Amino acid sequence: MSAVSIRNISRRFGSAAAVAGIDLDVEEGQFVTFLGPSGCGKTTTLRMIAGLERNDSGTIAIAGQTVSDAQRGLFVPPEKRNAGMVFQSYAIWPHMTVFDNVAYPLRVRRMAGAEVQQRTQEALRTVEMGPYAERSATALSGGQQQRVAIARAIVFAPKVLLLDEPLSNLDARLREQMRSELRGLQQRLGITTVYVTHDQEEAMALSDRIIVMSKGRILQDADPESVYFRPSTVEVAAFCGSPNIVAGRVLRSQASPDGISYLQVAGAGWQGWARAGAAIAEGSEVSIVVRPEYVEISPMTADAPERSDERPGIQWQGQVVENMFRGFRRTLRVDCGATRILVDMPADLDVAKGQKVRLSVPAERTWILKEPTANEPAARI
Ligand SMILES: Nc1ncnc2c1ncn2[C@@H]1O[C@H](COP(=O)(O)OP(=O)(O)O)[C@@H](O)[C@H]1O
Ligand SMILES: [Mg+2]
């Protein structure tokens, strides 16, 4: 039985579809994240699971119980859904103490006083806020308020924890700390979690599984490494990191025993081998995802030989036109005629602006998508 089961849910606001047909099964104990740009329907989807928004079509079940069925007019209110929710704004009540904030869901459920005491203390201990119980909720830092919001969401031992961008109001350092606290807490409690964020790095760091959304639909549903290394579309690839998306055409296909295909591809002034999830017909226009951190760079000297591997990947020649020191890495932009390639390298290495260079990427570190690249995007640093 899935902890959360969603079938074909959608939601319109006026004439615009915020969510346009989503299917999802979340297994018990899984940490699943909706990832996508602002306005793609993440919050609306989460609010429909929580019961704070009605789905216009489809069904939602939590722990095997149908909580919403648009066609049958069935709608279970939020407090009866067995889901704890944490909002971006925390929604901590300022006029209450920390204890009363966390105890609130238990009091709404008319739990006996002694049990309220015991469970509230336990939830506060879980988020390491025990000593703050009698403090006014306004006398807390952002990180502490976030912990209180999490304690309040888990205090009634819900089947599912729903979190909407809970870390986005924290500064960068605290955000990273809370990120690992949150993952640790989720694993300790083993609680099924549905998380929403527009931050791809946060999604990768936290999740067992990422649902990439765009315009109210799911683009890809996979584990973080698949989303990053084997994106299903150019849009997914471009949303995760700042990859080079290079326009190419298939010259020749070669299937590999492990299901990965190596294709000979050519583009403006180059040709080489690249990797794809399946064979693609010769002559097809494709996009090749080349991550800046996998591009190897060497100065172009008269005696430097071209690489001559069996499947030589892709090589370009060009000139460094931009060099950005970023502390932990250095990013170069290399002008290779019709193609501009971003290269990410250790920051203590340096290649001067104006230097002529040879770039190469091994075939197994590329990823071909069966979509033409209309305009080669000028990759961003
Ligand atoms: N209550 C509402 N009334 C009208 N439009 C809304 C409402 N809530 C969300 N929307 C619209 O629905 C779309 C999806 O919003 P939302 O789910 O909040 O996206 P996300 O959380 O991914 O940023 C957006 O275009 C947003 O403007
Ligand atoms: Mg949102």
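The values are calculated or read from the model by the stated rules, or taken from the named source; none is laboratory data. Treat the numbers as computed from the prediction; the structure is a model and nothing was measured. Here the Cβ positions follow ideal geometry from the backbone for every residue, glycine too, while neighbour counts run over all protein chains shown. The area values use the complete protein model at the heavy-atom level, side chains included, leaving out ligands, DNA and RNA. Shrake-Rupley method; radii C 1.70, N 1.55, O 1.52, S 1.80 Å.
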With no solvent and one equal point scatterer per Cα, compute the Debye intensity ratio I(q)/I(0) for the stretch 307-359 at 0.19, 0.27 Å⁻¹ and report its log10, rounded to two decimals. -0.65, -1.01
Å² per residue, accessible surface of the chain at 1.4 Å: 46 Å²
Once phi for every residue in the stretch 329-335 is put through the Karplus expression 6.51 cos²θ - 1.76 cosθ + 1.60 (θ = phi - 60°), the whole-Hz ³J(HN,Hα) values, with Gly and Pro written as x, are 8, 10, 10, 10, 10, 10, 8
With a/c under 1.5 counting as rounded, go ahead and sort the stretch 111-188 into rounded, prolate or oblate using the C-alpha gyration tensor (a ≥ b ≥ c being the square roots of the eigenvalues; past the cut-off, prolate if a/b is larger than b/c, else oblate). oblate
How much length is gained on full extension from I260 to K215, taking 0.36 nm per residue of separation minus their Cα-Cα distance? 13.2 nm
Quote to one decimal, in nm, the extra length available between T138 and A268 on full extension: 0.36 nm per residue of separation minus the C-alpha distance between them. 40.8 nm
Once the Cβ-Cβ distance between V321 and D348 is put in as r, and R0 is 25 Å, what FRET efficiency do you end up with, to the nearest 0.05? 0.75
Rounded to two decimals, the Debye log10 I(q)/I(0) of the chain (Cα scatterers, no solvent) at q = 0.07, 0.09, 0.12, 0.13 Å⁻¹ is -0.42, -0.65, -0.96, -1.05
Can you give the accessible area of R147, probe radius 1.4 Å, in Å² rounded to 10? 40 Å²
For the stretch 339-352, what does the Karplus curve 6.51 cos²θ - 1.76 cosθ + 1.60, with θ = phi - 60°, yield as ³J(HN,Hα) per residue in whole Hz, taken in order and with x for Gly and Pro? 10, 10, 10, 8, 10, 10, 9, x, 5, 7, 8, 9, 10, 5
Ordering D25, D56 by how much accessible area each has at a 1.4 Å probe, largest first, what is the list? D56, D25
Counting helices only, and only those DSSP H runs with n ≥ 4, report the 222 nm mean residue ellipticity of the chain as the sum of -39,500 (n - 2.57) divided by its residues, in deg cm²/dmol to the nearest 500. -6500 deg cm²/dmol
Between R252 and E296, Cβ-based FRET efficiency (R0 22 Å, step 0.05) works out to 0.40
Given labels modelled 7 Å from the Cα in the Cβ direction, how far is it in nm from R109 to T66? 2.5 nm
Assuming R0 = 41 Å, what is the FRET efficiency of M96 and A278, from their Cβ-Cβ distance, to the nearest 0.05? 0.10
Fraction of alpha-carbon pairs over 19 Å apart in the stretch 56-132 - percent: 51 percent
So, in nm, how far is label D199 from label D223 when the simple model puts each one 7 Å beyond its Cα toward the Cβ? 2.4 nm
Amide H neighbours of R330 under 5 Å, counting only residues 5+ apart in sequence or on other chains, H built in-plane at 1.01 Å? M345, A347
Rounded, prolate or oblate for the stretch 243-369? Axes are the square roots of the Cα gyration tensor eigenvalues, ordered a ≥ b ≥ c, and the cut-off for rounded is a/c under 1.5. prolate
Pop out the carbon and sulfur fraction of the accessible area of the stretch 44-203 as a percent, whole number, probe 1.4 Å. 46 percent
